[in-house]
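Heads up: the structure comes next, in structure tokens.
The values are calculated or read from the model by the stated rules, or taken from the named source; none is laboratory data. Just so we're clear, the structure is a prediction, and the values are computed from it rather than from any experiment.
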Amino acid sequence: RIPVMIGPMRERAGSICLVQYPLRPRWRPYELDRLSGAQVRPKQHQLVFDLEIPVAADADSKPSSQMCKLSSTATAHKTPYAIGLLRVENPATDGSSSGDEDGVSSRDFKAILHLAPLDACVQMRPDLSHIDEETGDGA
């Protein structure tokens, strides 16, 4: 049995937001270490990421990259979501307890599960407003 603590895990007041990328396949994630800028509007649950994406190069040219702007869209909660943190305290392995072959039994571990409700869920999608600017179409 694991005790479960429900409530905010954070010491400071703030919101917990789940960020999803529905248009990006799981096998090809964004390289968030190439993030060149971000704008956050916490009250509106709005995010904007400026991301550098590598572009496939020809055999005779060097690799290049292009900038992509990702904008968030808030999604409605259909069910309440929570984020969890499982904390496990490892016992002192002094060999004095009887149990498994390494001297530590599963009864010696102390674990607690902390759950905190998500305040928002957003989906990041490419911002294509630069295409409208280039063609002169303004919607």
* Structure fact -> The correct count of residues that are more than 15 Å from the chain's Cα centre (by Cα) and closer than 15 Å to LYS69 by Cα in the range 24-39 is 4
* At least 3 residues that are modelled with pLDDT under 85 in each: list the strands (runs of 3 or more DSSP E) lying fully within the range 23-109 that qualify. => 46-55, 64-74
